1. Given +1 on the Cβ of Lys and Arg, -1 on the Cβ of Asp and Glu, and no further charges, what dipole in debye does the chain carry about its Cα centre, rounded to the nearest 20?
2. In nm, give the distance between the simple-model label positions of E114 and T23, each being 7 Å from the Cα along the Cα-to-Cβ direction.
3. Please work out the Cα center distance from the range 82-110 to the range 27-63, rounded to the nearest Å.
4. Take I124, I159 and order them by how many other Cβ atoms sit within 10 Å, fewest up front.
5. Tell me the relative contact order for the chain as a rounded percent, counting alpha carbon contacts under 8 Å between residues six or more apart.
6. Of K155, K74, how do they rank once you tally other Cβ atoms within 10 Å and put the fewest first?
7. Applying 1/(1 + (r/R0)^6) with R0 = 30 Å to the Cβ-Cβ distance of A154 and D39, what FRET efficiency is obtained, to the nearest 0.05?
8. Provide T23, T80 in ascending order of the number of other Cβ atoms located within 10 Å of each residue's Cβ, fewest first.
Amino acid sequence: MKRLEQAPKMSYLRKKDLEYIRTAITLDQLVEKAVEVLDRMPKPVRWIAGPLTSGSRSPAENRERLHCAILRYKVRGVPTFNYLPFERRAKDILEWEAGRGANLSDGQSLKVQERLRDEFYAPIFASGLIGELRIMPGSYASLNVQWMRGYAKAKGMHIRMIPAESVPFAPKK
């Protein structure tokens, strides 16, 4: 009798992790949970970087394309960290702190992006648990993606550009 190969694990996020993310009130809590999830993943872990709020597409389209790209690697069995649930909550926390629920000015939005980089992305990357950075096309305008690229280069991490023809396009809803 042939032994069936086990399908690759798609997610290392547990149900209780998702609930924790939804209820987190500080970036430190989110970073701690992200590092915990990364630590349970097989190494090397891949991080897919792409624009979220910059570029020619809307933030919703950017997020969907990035999510599709992350899933594409995960389905292939490559340990790829889906940081989007963490990032969404981190951004919500920062936007609330910056504007208390009001629409943010351009200056406030820039400050949110800087804090996202310094207080969320930087400690996750500093954990040493990210082994490879893949960058989506059209990321040149993203300050945070450029920061990730610089950090990865300085630390000697593998960096690869994702070819435009292999970027999944999110289905229209």
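1. Dipole about the Cα centre, nearest 20: 820 debye.
2. 3.4 nm
3. Rounded to whole Å, the Cα centres lie 15 Å apart.
4. Arranged by neighbour count, lowest to highest, I124, I159 become I159, I124.
5. 30 percent
6. Final ranking by Cβ density, sparse to dense: K155, K74.
7. 0.85
8. Least to most surrounded, the residues fall as T23, T80.
Every read-out reported here was derived from the displayed coordinates using simple, explicitly stated rules and does not represent laboratory data. Not measured: the values here are computed from a predicted model. We place every Cβ from the backbone using ideal geometry, glycine too, and count neighbours over all the protein chains shown.
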